[in-house]
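Working notes, beginning with the structure itself.
The values are calculated or read from the model by the stated rules, or taken from the named source; none is laboratory data. Quick caveat: nothing in here was measured; it's all calculated off a predicted structure. Note: ideal-geometry Cβ built from the backbone for every residue, glycine included; neighbour counts use all protein chains shown. The protein model used for the area step is the full one, side chains on, heavy atoms only, and it has no ligands, DNA or RNA in it. Shrake-Rupley method; radii C 1.70, N 1.55, O 1.52, S 1.80 Å.
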Amino acid sequence: MMFPACRYVCKAHRCIRALTTLRTDSAAPQLYTSIHRRTCSSVSTPRITTHHTIHPRDNDPRWEGIEMERFADEADVVIVGGGPAGLSAAIRLKQLANEQEKELRVCLVEKAPQIGAHTLSGACLEPSTLIELFPDWKERGAPLNTPVTEDVFSIFTEKHRIPVPILPGLPMQNHGNYIVRLGNLVRWLGEQAEELGVEIYPGYAAAEVLFHEDGSVKGIATNDVGIAKDGSPKDVFERGMELHAKVTLFGEGCHGHLAKQLYKQFNLRENCEPQTYAIGLKELWMIDEKKWRPGRTEHSVGWPLDRHTYGGSFLYHLNEGEPLVALGFVVGLDYSNPYLSPFREFQRWKHHPFVASTLEGGQRIAYGARALNEGGFQCIPKLTFPGGLLIGCSPGFMNVPKIKGTHTAMKSGMLAAEAIFPKVTAENLDSETAGIHVPEYSESLKNSSVWKELHAVRNIRPSFHNYFGLYGGMVYTGIFYWMLRGKEPWTLKHRGMDANQLKPAKDCKPIEYPKPDGKISFDLLSSVALSGTNHEGDQPPHLTLKDDSIPVARNLAIYDGPEQRFCPAGVYEYVPVETGDGMRLQINAQNCVHCKTCDIKDPSQNINWVVPEGGGGPAYNGM
Amino acid sequence: MSGRVLVGVKRVIDYAVKIRVKPDNSAVVTDGVKHSMNPFCEIAVEEAVKLKEKKLVKEVVAVSCGPQQSQETIRTALAMGADRGIHVEVSGKDYESLGPLQVSKIMAALAKKEEAQFIILGKQAIDDDCNQTGQMTAALLDWPQGTFASEVSLEGDKVMVVREIDGGLETIRINTPAVLTADLRLNTPRYATLPNIMKAKKKKIANVKPADLGVDLTSRLEVLRVEEPPQRQAGMKVETVEDLVAKLRDAGKV
């Protein structure tokens with residue numbers, strides 16, 4: 001099984017052979033000799049991964065005699081993830097419980113230190129679902145303050161723009177929608193949920209799925225705390241806690257790490273296509289008042305991306321009493337050039353005359369990034385399994401051409417609540433498994449507006465995979481969606497996993513990105529600082545590698561280390577080894593903004609993102 | 001001796017968050033920003049809980065002065081092992097101008113009311129870096145103080161405190177009741193784990209108003225202006241020493 005880039009493989013081997021004993025640093029005192037799958041010599045790769053999911057603690061002498069029993073508690077329903085889907089489900093459950101005067105214990109765990117701190121989205125919200133959940137949302141003070149007043153769509157060239165009319169009926173038409181700061185809406189949903197009696201625990205990450213003996217889901221366990229960077233227990237080590245439930249809802253957002261396990265465990269993806277994704281980077285800017293047009297939404301496609309790289313931008317003028325704009329850039333993760341850096345595309349896009357004119361004289365006040373789903377209808381997995389179900393962007397209900405997923409995520413949460421409520425409050429439920437199976441949720445979703453919506457737009461994203469790329473896709477959308485509303489009898493396929501789309505570096509041209517000017521465009525590290533991200537330094541890196549030697553041997557050798565370019569937080573760096581030649585991968589886990597792009601795009605699928613100690617990660621405020 | 005310890009905990013903007021000054025330069029933006037317990041207060045709570053675990057004190061009471069959200073900070077202290085909490089309600093303009101003088105008056109009043117044996121505070125808060133509350137509280141109560149403590153041990157009715165000072169370490173022995181302020185190396189705070197957070201919901205937090213304690217909140221300080229530090233100017237590389245001297249002369253530094 002030879003790699004196509006034999007030349008690069010040999011180069012890597014020469015580097016690796018030249019590696020002499022590495023000077024150990026205090027953080028990673030153990031050297032590891034990893035066994036190469038291919039040929040060659042014994043190689044000393046410095047140990048990078050120390051997490052117990054890769055190196056189990058059962059036979060680790062440092063863990064002998066440590067108390068590993070966990071405190072356990074019972075709830076009726078446990079929800080993983082305090083985003084729009086999880087909170088809507090929690091709220092709906094409690095609304096039903098209060099209506100029918102039934103007792104129901106609903107516990108929600110969220111890895112962010114406060115609800116909303118890990119939420120990032122454009123966002124242009126379709127209020128339909130919120131109105132269903134809270135018909136009196138206005139009186140309750142939901143932060144929907146900016147109705148959309150203008151909708152502008154452009155195709156950018158390097159210096160100019162071609163305006164595209166947004167005819168009514170096209171998916172990107174925003175009449176009736178609101179520009180929101182989703183983090184603030186999520187925080188508000190959290191407050192409503194607490195008032196209704198939901199137990200919300202921010203700062204506690206669900207790290208493990210628990211199973212009954214019959215294989216059904218029993219609940220989750222939160223992360224252990226107090227493990228040192230080298231994987232050994234510290235004095236303050238404490239086990240996580242187990243939360244058992246009749247049904248567990250998994251609403252981890254795009255590419256959840258527990259969902260990844262559940263797909264394998266219950267074979268949930270056997271009848272759907274692999275999910276495809278994009279990365280979205282976003283900034284908040286305080287601009288010059290004279291340039292502020294509250295309610296205006298701007299979208300663009302084209303420059304700086306070529307017609308074969310899916311992506312585009314958004315710029316929304318908020319109306320919350322100050323001249324604030326939310327802007328960002330989305331790049332499909334099925335791009336093929338390993339030299340592409342989504343972050344640097346975003347930074348250089350801002351220099352387009354149409355955008356720079358808005359930002360000149362302004363000040364950037366926030367930055368963040370998150371992966372989002374692009375697969376749509378073709379990629380929806382089986383949603384239910386004994387003891388649990390998947391809601392929100394985790395299975396993925398985003399309407400890609402509309403670039404809206406919040407309303408469908410909330411709807412899926414509500415439908416989940418309505419489906420499980422009768423079962424968890426039933427006096428004598430006859431269940432085959434200890435964890436209750438609720439296939440009614442899938443059924444009600446299939447009969448809902450969410451399904452119709454996603455079905456209608458299912459062919460738009462895959463239609464970009466043609467010779468004309470972006471323009472072919474737009475023509476397809478114009479004909480089949482605008483005129484026929486997605487009623488064409490065929491369903492186009494996506495190209496397969498995003499991780500498999502990269503071409504070897506030798507077949508691609510490096511991209512010359514301009515240097516950031518410090519006024520409109522910025523460097524990566526100052527951007528990461530603005531996200532407020534931080535983690536306890538002395539813990540095992542949560543970006544775990546199944547095989548520590550693969551980054552240098554494969555990712556660097558064949559693809560020139562694409563992770564150093566696609567990570568929006570500078571977590572991955574290839575640095576020269578301290579003694580001898582060659583490079584090693586350095587993982588700056590503290591910078592991570594929990595976007596999940598690395599887990600998605602790693603061409604070797606060697607990176608497994610697991611949850612760090614709860615409370616760590618970005619500190620977004622109204623993103 | 002009552003064996004009761006009062007621990008002050010302050011809710012501050014999390015240390016990793018990038019601070020932003022309000023456009024009117026009146027204050028720092030706090031709305032929706034991530035807050036957490038002042039790191040030195042965490043150390044103070046840990047020390048108090050350790051004393052209780054060694055059975056040297058009987059009860060740990062966590063106190064915080066601030067708006068509604070300060071209750072979350074008290075809950076964290078309760079989850080770390082404090083027995084009960086006291087939330088001194090201060091909000092709005094009073095909270096914006098709340099400083100060490102008022103807080104120490106509140107702590108002194110509470111210490112008398114609760115018949116406390118010790119007051120343990122963090123040495124300073126990371127938002128204002130005042131390093132004054134502990135010292136002022138001791139003065140108001142006329143109690144001895146062991147500040148910048150990196151080691152505390154009880155010896156009968158006296159306390160031995162190892163203090164971190166500029167020149168090294170100073171060891172003092174003081175009488176009780178006393179005020180102690182925690183420095184970085186005093187201990188490593190334990191995590192507030194989820195089972196403890198759940199248990200903490202059952203512990204009591206009493207609500208008190210400063211007026212009930214007879215404390216006047218008027219500030220003697222008026223904040224005129226808050227500004228960001230000046231932007232770092234780019235440095236310049238020079239080739240020779242002569243160049244360097246010439247540039248320093250030009251800039252008027254030599």
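For segment B:35-67, give me each residue that is closer than 23 Å to B:CYS130 by Cα, part of a loop (DSSP other than H, G, I, E, B) and open to solvent by 10 Å² or more (accessible area, probe 1.4 Å).
B:PRO67
Touching a residue at least 12 places away in the same chain (Cβ under 8 Å), within 14 Å of chain B (Cβ to nearest Cβ), in contact with a strand residue (DSSP E or B) (Cβ under 6 Å, 6 or more places away or on another chain) and not in a strand (DSSP E or B): is that true of A:GLY240 in this structure?
Yes, satisfied.
Just one of A:LYS350, A:LYS404, A:LYS423 is of a type in the set (Lys, Arg) and surrounded by fewer than 22 Cβ atoms within 10 Å (Cβ to Cβ); which is it?
A:LYS423
Restricting to segment B:1-44, name every residue that is within 13 Å of another protein chain (Cβ to nearest Cβ) and among the charged types (D, E, K, R).
B:ARG11, B:ASP14, B:LYS18, B:ARG20, B:LYS22, B:ASP24, B:ASP31, B:LYS34, B:GLU42
Considering only residues of segment A:478-532 that are small (Gly, Ala, Ser) and within 14 Å of chain B (Cβ to nearest Cβ), which is surrounded by the fewest Cβ atoms within 10 Å (Cβ to Cβ)? Step through it out loud before you land on a result.
First, the residues of segment A:478-532 that are small (Gly, Ala, Ser): A:478, A:486, A:496, A:499, A:505, A:518, A:521, A:526-527, A:529, A:531-532.
After this cut, where a residue has to be within 14 Å of chain B (Cβ to nearest Cβ) as well, the list is A:518, A:526-527, A:529, A:531-532.
Details: A:GLY518: 11, A:SER526: 13, A:SER527: 25, A:ALA529: 15, A:SER531: 27, A:GLY532: 25.
Among them, the one singled out is A:GLY518.
Quick one: which residue in A:LEU415, A:LEU429, A:LEU390 is open to solvent by less than 10 Å² (accessible area, probe 1.4 Å) and touching a helix residue (DSSP H, G or I) at 6+ places or on another chain (Cβ under 8 Å)?
Working: A:LEU415 fails: open to solvent by less than 10 Å² (accessible area, probe 1.4 Å); A:LEU429 fails: open to solvent by less than 10 Å² (accessible area, probe 1.4 Å).
It is A:LEU390.
Which of the following residues is within 25 Å of the chain's Cα centre (by Cα) and within 21 Å of A:GLY251 (Cα to Cα): A:THR129, A:THR53?
After ruling out the rest, the residue left standing is A:THR129.
Would you call B:ILE126 at pLDDT 95 or above, part of a loop (DSSP other than H, G, I, E, B) and within 14 Å of chain A (Cβ to nearest Cβ)? Don't jump to the end; show me each part of the working.
Working: at pLDDT 95 or above: yes; part of a loop (DSSP other than H, G, I, E, B): yes; within 14 Å of chain A (Cβ to nearest Cβ): yes.
Yes, satisfied.
Give all pairs with beta carbons closer than 8 Å in which a residue from segment A:410-421 that is within 18 Å of A:LYS382 (Cβ to Cβ) meets a residue that is assigned to a helix (DSSP H, G or I) and aromatic (Phe, Trp, Tyr); count only pairs at least 6 apart in sequence or on separate chains.
A:LEU415/A:TYR441; A:ALA416/A:TYR441; A:ALA419/A:TYR441; A:ILE420/A:TYR441
Hey, among A:ASP523, A:ASP498, A:ASP517, which residue is within 30 Å of A:HIS352 (Cα to Cα) and over 28 Å from the mean Cα position of the chain (by Cα)? Walk me through it before giving the result.
Numbers: A:ASP523 fails: over 28 Å from the mean Cα position of the chain (by Cα); A:ASP498 fails: over 28 Å from the mean Cα position of the chain (by Cα).
Matching residue, one of A:ASP523, A:ASP498, A:ASP517: A:ASP517.
Please work out if A:GLY116 is within 29 Å of B:TYR15 (Cβ to Cβ) and within 14 Å of chain B (Cβ to nearest Cβ).
Here the answer is yes, as A:GLY116 does meet what is asked.
If you go through segment A:295-307 one residue at a time, do you hit one that is open to solvent by less than 20 Å² (accessible area, probe 1.4 Å) and touching a Pro at 6+ places or on another chain (Cβ under 7 Å)?
Yes - at least one qualifying residue is present in segment A:295-307.
Identify, please: which residue in segment A:236-270 is within 21 Å of the chain's Cα centre (by Cα) and among the charged types (D, E, K, R) and is, among those, most open to solvent (accessible area, probe 1.4 Å)?
A:LYS264
Do we find that B:THR171 is more than 21 Å from B:SER2 (Cα to Cα) and open to solvent by 30 Å² or more (accessible area, probe 1.4 Å) in this structure?
Details: more than 21 Å from B:SER2 (Cα to Cα): yes; open to solvent by 30 Å² or more (accessible area, probe 1.4 Å): yes.
Criteria met by B:THR171.
Report yes if B:ILE13 is within 25 Å of A:GLY116 (Cα to Cα), in contact (Cβ under 8 Å) with a residue 60 or more places away in the chain, out of contact with any Gly (no Cβ under 8 Å at 6 or more places or on another chain) and open to solvent by less than 30 Å² (accessible area, probe 1.4 Å), otherwise no.
Spelling it out, B:ILE13 is indeed within 25 Å of A:GLY116 (Cα to Cα), in contact (Cβ under 8 Å) with a residue 60 or more places away in the chain, out of contact with any Gly (no Cβ under 8 Å at 6 or more places or on another chain) and open to solvent by less than 30 Å² (accessible area, probe 1.4 Å).
Among A:GLN564, A:GLN590, which is open to solvent by 50 Å² or more (accessible area, probe 1.4 Å) and away from chain B (no Cβ under 14 Å)? Write out each step before concluding.
Working: A:GLN590 fails: away from chain B (no Cβ under 14 Å).
None of the other options fit; the residue is A:GLN564.
I'd like to check something: does segment B:216-239 contain any residue that is within 22 Å of the chain's Cα centre (by Cα), in contact (Cβ under 8 Å) with a residue 60 or more places away in the chain and within 14 Å of chain A (Cβ to nearest Cβ)?
Checked segment B:216-239: no residue is within 22 Å of the chain's Cα centre (by Cα), in contact (Cβ under 8 Å) with a residue 60 or more places away in the chain and within 14 Å of chain A (Cβ to nearest Cβ).
Can you pull out every residue in segment A:173-229 that is within 14 Å of chain B (Cβ to nearest Cβ) and among the polar types (S, T, N, Q)?
A:ASN184, A:THR222, A:ASN223
Where residues in segment A:360-380 are more than 14 Å from chain B (Cβ to nearest Cβ) and part of a strand (DSSP E or B), which of them is surrounded by the fewest Cβ atoms within 10 Å (Cβ to Cβ)?
Taking the candidates together, the pick is A:ASN373.
List every residue pair whose Cβ atoms sit under 9 Å apart, with the two residues 6 or more apart in sequence or on different chains, where the first one lies in segment B:175-193 and is within 28 Å of A:ASP538 (Cα to Cα) and the second, anywhere, is hydroxyl-bearing (Ser, Thr, Tyr) and surrounded by fewer than 19 Cβ atoms within 10 Å (Cβ to Cβ).
B:ALA182/B:SER150; B:ASP183/B:SER150; B:LEU184/B:SER150; B:ARG185/B:SER150; B:LEU186/B:SER150
Among the residues of segment B:218-254, how many are over 24 Å from B:PRO100 (Cα atoms), among the charged types (D, E, K, R) and part of a loop (DSSP other than H, G, I, E, B)? Before you say what the answer is, go through the steps one by one.
Initial filter on segment B:218-254 (over 24 Å from B:PRO100 (Cα atoms)): B:230-254.
Restricting the remaining residues to those that are among the charged types (D, E, K, R) gives B:232, B:237, B:239, B:242-243, B:247, B:249-250, B:253.
With part of a loop (DSSP other than H, G, I, E, B) added as a condition, the list becomes B:232, B:237, B:239, B:253.
Of the residues in segment B:218-254, 4 are over 24 Å from B:PRO100 (Cα atoms), among the charged types (D, E, K, R) and part of a loop (DSSP other than H, G, I, E, B).
Name every residue in segment A:308-347 that is more than 30 Å from A:ALA499 (Cα to Cα) and open to solvent by less than 10 Å² (accessible area, probe 1.4 Å), in order of residue number.
Result: A:TYR316, A:HIS317, A:LEU318, A:LEU324, A:VAL325.
Looking only at strands (runs of 3 or more DSSP E) that fall completely inside segment A:127-203, which ones have 3 or more residues that are open to solvent by less than 10 Å² (accessible area, probe 1.4 Å)?
none
Filter segment A:141-172 for residues that are among the polar types (S, T, N, Q) and within 18 Å of A:HIS299 (Cβ to Cβ); which is farthest from the other protein chains (Cβ to nearest Cβ)?
By that ranking, first place goes to A:THR157.
Would you mind listing the strands (runs of 3 or more DSSP E) fully within segment A:23-87 where at least 1 residues are modelled with pLDDT of 95 or more and surrounded by fewer than 17 Cβ atoms within 10 Å (Cβ to Cβ)? Give the steps one after another, and end with the answer.
On the way: elements: A:31-34, A:43-46, A:72-74, A:77-80.
In segment A:23-87, A:72-74 are the strands (runs of 3 or more DSSP E) which contain 1 or more residues that are modelled with pLDDT of 95 or more and surrounded by fewer than 17 Cβ atoms within 10 Å (Cβ to Cβ).
What number of residues within segment B:93-147 satisfy the criterion of being of a type in the set (Phe, Trp, Tyr) and open to solvent by 50 Å² or more (accessible area, probe 1.4 Å)?
Count: 1.
Considering each residue of segment A:214-235, count those that are more than 30 Å from A:ALA434 (Cα to Cα) and either touching a residue at least 40 places away in the same chain (Cβ under 8 Å) or basic (Lys, Arg) (or both), and give that number. Before you say what the answer is, go through the steps one by one.
The first filter runs over segment A:214-235 and keeps only residues more than 30 Å from A:ALA434 (Cα to Cα), leaving A:226-235.
Next, only the ones that are either touching a residue at least 40 places away in the same chain (Cβ under 8 Å) or basic (Lys, Arg) (or both) stay: A:227-234.
Matching residues across segment A:214-235 total 8.
Could you list all residues from segment A:91-111 that are touching a residue at least 60 places away in the same chain (Cβ under 8 Å), part of a helix (DSSP H, G or I) and not polar (S, T, N, Q)?
Residues satisfying the conditions are A:ILE91, A:ARG92, A:LEU93, A:LYS94, A:LEU96, A:ALA97.
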